[in-house]
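Comments concern the structure below.
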Amino acid sequence: MGRNIEALMVDDKFRIKELIPYWEEEKIYDFETKKRIRYHEMMEIILKVDEIAQIFTLNNKMFLQVEDQVRMFGNKNINDANRLFEIVKDDLRKRGIGNFIFVKDVSRHQRTQLYDILEGMGYKRTELFRHYSY
């Protein structure tokens with residue numbers, strides 16, 4: 001998809017010969033390890049789960065819940081969290097893995113209940129409220 005741009009003069013001395021697009025993978029914040037991880041590292045965590053589990057979103061975060069254990073992954077904004085949720089759901093379905101229940105963050109009542117439950121598990125309510133993390 002590179003383009004040859006020969007006529008574009010930046011300066012009398014320099015000229016752009018070719019513009020090469022590149023892609024830098026977005027990283028996901030793992031609240032358990034307190035590090036930014038790549039998608040495949042998050043999927044390794046998810047793929048280790050062999051019992052019934054739930055994957056859900058809340059604001060700019062995606063959660064993996066197995067029984068009473070919850071793991072939180074952070075994104076830059078709500079749109080990124082929703083996009084990640086859909087990618088994970090599609091990826092697991094393509095792999096034929098069916099032990100996950102997917103629940104999107106949809107209503108104010110649901111969010112209020114999640115805040116209470118997650119706060120009881122030790123997550124900070126102020127962190128859960130956040131919609132952006134730039």
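Picking from ILE16, ILE52, which residue would you name as being surrounded by 11 or more Cβ atoms within 10 Å (Cβ to Cβ), at pLDDT 95 or above, out of contact with any helix residue (DSSP H, G or I) (no Cβ under 6 Å at 6 or more places or on another chain) and more than 17 Å from LEU128 (Cβ to Cβ)?
Details: ILE16 fails: at pLDDT 95 or above.
None of the other options fit; the residue is ILE52.
Can you tell me which residue in segment 92-108 is surrounded by the fewest Cβ atoms within 10 Å (Cβ to Cβ), limited to those that are in contact with a helix residue (DSSP H, G or I) (Cβ under 7 Å, 6 or more places away or on another chain) and either modelled with pLDDT of 95 or more or closer than 18 Å to ILE45 by Cβ (or both)?
Step by step, filter segment 92-108, then rank; the result is PHE102.
Restricting to segment 61-79, count the residues that are farther than 18 Å from THR33 by Cβ, within 12 Å of the chain's Cα centre (by Cα) and either of a type in the set (S, T, N, Q) or exposed (fewer than 15 other Cβ atoms within 10 Å of the Cβ) (or both).
Number satisfying all stated conditions: 2.
Could you please let me know if THR33 is within 12 Å of the chain's Cα centre (by Cα) and surrounded by 10 or more Cβ atoms within 10 Å (Cβ to Cβ)?
No; evaluated as a whole, the condition is false for this residue.
The values are calculated or read from the model by the stated rules, or taken from the named source; none is laboratory data. Just so it is clear, the structure is predicted and the values come from calculations on it, not from any experiment. No Cβ is skipped: glycine too gets one built from the backbone with ideal geometry, and neighbour counts run over all protein chains shown.
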